[in-house]
1. Would you mind counting up the charge near Glu436? Only other residues with Cβ under 15 Å from its Cβ, with Lys and Arg at +1 and Asp and Glu at -1.
2. Quick check for me: using +1 on Lys/Arg Cβ and -1 on Asp/Glu Cβ, what's the dipole size of region 101-268 about its Cα centre, in debye to the nearest 20?
3. Which length gain, in nm to one decimal place, applies between Gln448 and Glu208 when the Cα-Cα distance is subtracted from 0.36 nm times their residue separation?
4. With label points built 7 Å along Cα→Cβ from the Cα atoms of Phe239 and Arg41, find their separation and express it in nm.
5. Roughly speaking, what is the stretch gain from Asp288 to Asn231, that is 0.36 nm per residue apart minus the C-alpha to C-alpha distance, in nm to one decimal?
6. Here is the link list: Lys74/Lys195; Lys149/Lys195; Lys282/Lys449. Which ones come out longer than 32 Å on Cα distance?
7. Amide H neighbours of Leu44 under 5 Å, at least 5 residues apart or on other chains, H built in the peptide plane: list them.
8. Could you work out how far apart the two model spin labels at Glu60 and Gln433 are, taking each label as a point 7 Å from the Cα in the direction of the beta carbon, and quote it in nm?
Amino acid sequence: MPSNQPAKQYPFIKISGRSFSEGIEFKTHEAIFSKTEGTVRIDLNINPEFRNVDFKDHIEIYFNEKTRYIGIVKNYQFNDKIGIINFEDETLRLENETFSAEFLDMKPVERMDVIAQSSGFILNPNSRCQIDAERNFFIIIPILNFETKDCFRIGNVKFYQKFDDLDDSIIKDSNTGKKNLFWIDCSVRAKIKIKAINFFEAISKGYEKISQAIDIIALRTDLSFPSMTINSHYQNFPFNYYHLLSKVKIPTTIYCREISSHAALFYDVESISEKRLSLDEKPIKFFDDLILLCNDLIVKKEPTQEEENLLQVLHWLRKAMQEGDRKDKFLDLWIAFDFLISGESAETLFTDDEKEKLKKIIRFDEFNEKQKSTIVSKINMLDDSIFTDDEREKLKKIVLSDEFSERQKSAIVSKINMLNDSPLMERFSQLIQNLEISFSTDEISALQKMRRKRTDIIHGIRDISITDGELSKMRTILEKMFIGKISKSSIGE
């Protein structure tokens, strides 16, 4: 496994948890507006591990102890011997990410704070000192596919249909309020008061709270049973087929105003970073390698189960790239992960006969008292290098029938059938070993962290937050596994 720590010799580059210090040439320059761009030439024969890096990761370039650039890989070209990376600093991402907002009477420092945080940056603390005290904000979001004659509340969220207060007047006079169809056409709006230290935090908190209220509305419209016992009483639920068809939802555009002033903004919580795919080269040259691998899979009329699973991997990968919020994308990627490792298993530790023997040990009625005594005596003879005294005592307790209730015995017996079921990460390790795919310790650690987050949200332990970087890293891991798996199967031959 390659080292995660850069070697103490310069210059060198670090990317995807891997460091490269030999066979490296750099060329950097300051472009217009102090934008840093540069080129890295790397000898692929000296650095064979470079073929395993991930260009979605930032590249770190060290010239000495004090000089370091962190950039985004812009493009990569190569021949059999040399790889050439063109990189640029964070301005590359900012240039290609559309930020949608309308500022109304906001101070310049607060405008910059919103812009910076929406792009993942934090302003210099000295420039933020005047805006870090907790303040009160109003958050308003238009509600789509919803009509009502009366206002009502869910939690602290007010749903209202008469747009006649100060905030509604500001919305009406704004460019967004005049031109955005979400605001023009909606019949109901949701409003909540939020405490936060800045506009960006208020927007995040308000959007989450209003989303939770919409979750309640969605649940109620989907209830299709007539009644349910609640606190020992029947609660009846009126049903209407047309309500069942409704899809009440919120857009991603939000209005936020600081209550003590008229400073406000409209903000779209989903920044847009989509580009048209424009190929200067011939399309076949761009897609050729993947067509060669996947064409038979796509055209096959009656795919096998393994092939169906690979098609599902492609489907869920695309959904994770194009649809939903970060949590949706995260769960989509884990569905793809499950389809990829389906059929993988680690070493089979117990045969069916051995599992049956274990069940008999637990089901004490399968042995007479003399047999139990014999087993206990033999336990004392177990090799000291394999079993401690405590472990031998545990084995004796298993044999002695009064140590477990019948219910406990049944639970143990049911789990014996699962002895050969491999944990998720164990099957992942087995698969990448079989496919001869290399991941750095940083990448494995990132996946293990995401595995814990998956457990938290799938099993309802706690809510999670997901970053774009985590999504990018997991997509790369899955993409490598998919290509490795299809290239080693009969499909790609």
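Readers should treat all values here as calculations from the given coordinates under stated rules, not as data from a laboratory. Just so we're clear, the structure is a prediction, and the values are computed from it rather than from any experiment. We place every Cβ from the backbone using ideal geometry, glycine too, and count neighbours over all the protein chains shown.
1. +2
2. 240
3. Extending this stretch completely gives an extra 83.7 nm.
4. Between Phe239 and Arg41, the simple spin-label model gives 7.4 nm.
5. 14.1 nm
6. Values: Lys74/Lys195 40 Å; Lys149/Lys195 29 Å; Lys282/Lys449 40 Å.
In this structure, Lys74/Lys195; Lys282/Lys449 exceed 32 Å between Cα atoms.
7. So Leu44 has HN proximity to Ile82, Gly83.
8. Those two pseudo-labels are separated by 3.0 nm.
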